[in-house]
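Trainee: Below are the structure tokens for one structure; questions will follow.
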Amino acid sequence: MKLSTKGRYGVRAMFDLALHYGEGTTPLRSIAERQNISEHYLEQLIAVLRKSGLVNSVRGAHGGYLLAKEPPEITIGDIIRALEGPIAPSDCVAEDVEKDCENIEECITRLIWKQLQESINEVLDSISLEDLRQEAINAKQKDGHHGYLYHI
């Protein structure tokens with residue numbers, strides 16, 4: 001299973017907003033430049049994140065984007081699910097397909113995919129933007145680097 005650029009870049013953009021949380025709005029261009037993401041592609045991602053209630057936008061000369069909730073309240077799982085959809089390593093454990101599987105009661109391998117799905121969700125839901133933010137701050141204090149590029 002591999003995340004698409006939507007999920008990876010979306011986490012990086014949200015991380016960038018978390019780093020600047022409390023400083024007001026952040027222009028899309030600034031996020032794109034700091035995270036080395038196409039501004040056009042980032043617009044598409046931010047639109048999805050805004051519709052999901054994770055980001056707010058402000059129009060005008062001093063407009064931009066900011067987190068809709070505080071960094072501890074947004075998990076990586078929230079971001080990934082907003083951009084990628086439900087996390088399912090196999091179709092038979094996907095939320096919308098589960099009911100259609102004819103062999104759901106007898107399928108032994110489904111247990112593997114279900115446990116994998118639960119484990120992935122547990123990890124993604126256990127890491128908040130605040131956790132990433134604190135890691136970046138600690139890294140900056142430790143070796144003096146800016147630590148703003150965070151690749152997942």
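No lab work stands behind these numbers, since they all come straight from the coordinates. Keep in mind that this is a model prediction, so the values were computed, not measured. Backbone-built Cβ (ideal geometry, glycine too); neighbour counts: all protein chains shown.
Trainee: List, in order, the whole-Hz ³J(HN,Hα) value for each residue of region 131-143 obtained from phi through the Karplus relation with A = 6.51, B = -1.76, C = 1.60 and θ = phi - 60°; use x for Gly and Pro.
Mentor: Along region 131-143, the couplings run 4, 5, 4, 5, 4, 5, 5, 5, 5, 5, 5, 5, 10 Hz.
Trainee: Using the C-alpha gyration tensor of region 17-66, what are the square roots of 5 times its eigenvalues, in whole angstrom, with the largest one first?
Mentor: Over the Cα atoms of region 17-66, the ellipsoid semi-axes are 15, 14, 11 Å.
Trainee: Mind giving me the FRET efficiency for GLU23 and CYS107? R0 is 41 Å, r the Cβ-Cβ distance, nearest 0.05 is fine.
Mentor: The computed FRET efficiency comes out at 0.20.
Trainee: Considering the chain as a Gaussian network with a 10 Å cut-off on Cα pairs, which listed residue, TYR65, TYR21, TYR41, attains the greatest mean-square fluctuation?
Mentor: Among TYR65, TYR21, TYR41, the largest GNM mean-square fluctuation belongs to TYR41.
Trainee: Now a separate question. Please go through region 36-127 and write out the GluC sites (Glu not before Pro) that DSSP classes as loop and that have at most 15 other C-beta atoms within 10 Å.
Mentor: Counting only loop positions with at most 15 other Cβ atoms within 10 Å, the GluC sites (Glu not before Pro) in region 36-127 are GLU95, GLU102, GLU105, GLU106.
Trainee: Over all distinct alpha-carbon pairs, what is the Kirkwood Rh of the chain in angstrom?
Mentor: With all distinct Cα pairs of the chain included, I get 16.8 Å.
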